[in-house]
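Readers should treat all values here as calculations from the given coordinates under stated rules, not as data from a laboratory. Only a predicted model underlies this, so the values are computations on that prediction, with no experimental measurement involved. For neighbour counting, all protein chains shown are included, and Cβ atoms are generated from backbone atoms with ideal geometry for every residue, glycine included.
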Amino acid sequence: MSNDPSQNIVSKVWNYAHVLKNAGVGYGDYVEQITYLLFLKLAEEREELGYDNPIPDDYQWPQLTQRSGDDLEVHYRHTLESLGKEAGLVGVIFRKAQNKISNPSDLERVIKMIDDEDWSAMDVDIKGAIYEGLLEKTASSSDKGAGQYFTPRPLIRAIVDVMQPKPMQTIADPASGTGGFLLAAHDYIVKHHKLDKDEKKHLKTKALHGTDIVDSVTRLCAMNLYLHGIGSAEGKPPVESRDALASPPTDKVDMILANPPFGKKGGYTIVGDDGKVSTEKHSYERDDFWATTSNKQLNFLQHIVSMLNINGSAAVVLPDNVLFEGGAGETIRRNLLQRCDLHTILRLPTGLFYAQGVKANVLFFDRKPASEKPWTKNLWIYDLRTNLHFTLKTNPLSPKDLADFVKCYKSRSGVPPLSTGTKRQDATSTVETERFKKFTYEEVIARDKANLDIFWLKDDTLEDSENLPAPAILAAEIVESLQTALEEFQGVEESLQSAES
């Protein structure tokens, strides 16, 4: 048996998820219900320790534990509806909440399971690890769950390790998912800096900001941060549920760490009076954007640049199409190279994400003040893709797989480990390696459409059929390529139609 108390509780809580799965409650729905109930239990325990309880008297934890049968189910449903109208963190957690455990006996068992634990007596790290463990199990479950919002933790930690967030910085994620990047930034600052009182308060209440358009995901993120000691039940929540792309940012930040959703096109379906179905593409018309497009990743990239303070830095996970797509894509890349210092790209392998076949990269750049000369001088690219294959279960990405990238990045940037403020330098004397190459601005900008999809290693799978990836991965990659090509043709068609009108 494991000696890790968090893993023991995760196993205990998760085992009942399988029972509820057979009763029609999906894993994602189950973790949502755990979130509601756990927040109510924590509020009750904190009140016993002398803190204010943000939950109205009629909906506090004892009101659930003292009921059973239909009376419990009805009261629980009314509790969720009422708390969703509250302000602050309570409103974020319970926004549009619904009871998905309709069987009263099942609901009673889940409540008893949570009631049996003394959550407030647990260390923050243990509570956080329990919830993070539930999120990871949900992400890897057979249904979608939180998988589409779950970035592999080894990748997140490597990105944060090279970005080196510092005390008193403001750090944001405009597509925060379950909060992995924000938590990693928080943990890095705590681990590598001895914080004074003001720095601790800033880190807990002001440093971290997240946004997600999906209510259910925002609540998971809010609870994840809360259990890790970030934010408070009374103050302004560190995350909010809204469309981050809908309007220009009102507040600038020092650092952005993000993995925007993978879907390329924004839009909605319309059913006409005649029953015909049509799709309307949604583009964001914003004065702070370099180009108008319906490509969500390109819009997120532009939005992230707008969010940054001058000399602020960003690390963003983006799919391959952002590197080579024409039209708006080319316009955005040229502006990014000119107005920011795009200094590093990490080419990621397939098999990292729950959306199979996705080819993605991490773009590292700094926002700069206006200048006639381009800020990007040299672009360093690390190829972690060619001849490397990972899977989520049999060969998952591990920290050691990213160790060489971290080493190369830090040697190139001139920032030693545990640096507290050394400015990034353009270390032109850095030695290139097999997987780490430098390209000058002149070389990059001269490429067709300023294409940043640059590779140089020989792909062994092109000649050796025994090294081919799994059929499912190959099929997903083919679908991804065909979808990208189709969207390119659609873009050409739209341009021709616009020219004729």
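Pairs to check: Lys377/Lys410; Lys368/Lys400; Lys252/Lys368; Lys137/Lys200; Lys368/Lys437. Give those whose C-alpha atoms are more than 21 Å from each other in this structure. Could the numbers behind the result be given before it?
Numbers: Lys377/Lys410 17 Å; Lys368/Lys400 33 Å; Lys252/Lys368 13 Å; Lys137/Lys200 31 Å; Lys368/Lys437 24 Å.
Where the Cα-Cα span goes over 21 Å, the pairs concerned are Lys368/Lys400; Lys137/Lys200; Lys368/Lys437.
Can you give the FRET efficiency to the nearest 0.05 for Gln98 and Val19, using r as the Cβ-Cβ distance and R₀ = 25 Å?
On the way: r = 20 Å, r/R0 = 0.80.
After rounding to 0.05, the efficiency reads 0.80.
Classify the stretch 114-230 from the C-alpha gyration tensor, please: rounded if a/c falls under 1.5, else prolate or oblate depending on whether a/b exceeds b/c.
Working: a/c = 1.76, a/b = 1.26, b/c = 1.40.
It comes out oblate by the Cα gyration axes.
Extension gain Asp118-Asp448, at 0.36 nm per residue separation less the Cα-Cα distance, in nm? Working shown, then result.
Values: separation 330, 0.36 × 330 = 118.80 nm, distance 6.13 nm.
So the extension gain works out to 112.7 nm.
How much net charge surrounds Leu182 when only the other residues with a Cβ under 14 Å from the Cβ of Leu182 are counted, with Lys and Arg +1 and Asp and Glu -1?
After counting each charged neighbour, the total is -2.
What FRET efficiency comes out for Arg286 versus Asp215 if R0 is 30 angstrom and r is the Cβ-Cβ distance? Round to the nearest 0.05.
Details: r = 24 Å, r/R0 = 0.80.
Efficiency, rounded to the nearest 0.05: 0.80.
For the cross-link pairs Lys100/Lys236; Lys191/Lys359; Lys191/Lys393; Lys41/Lys96, which exceed 22 Å when the distance is taken from alpha carbon to alpha carbon?
Numbers: Lys100/Lys236 28 Å; Lys191/Lys359 32 Å; Lys191/Lys393 29 Å; Lys41/Lys96 20 Å.
Violating the 22 Å limit, Cα to Cα: Lys100/Lys236; Lys191/Lys359; Lys191/Lys393.
Can you work out the Karplus-derived ³J(HN,Hα) for every residue in the stretch 455-460? Use 6.51 cos²θ - 1.76 cosθ + 1.60 with θ = phi - 60°, whole Hz, and x for glycine or proline.
These are the phi-based 3J(HN,Hα) values: 9, 9, 7, 6, 8, 5 Hz.
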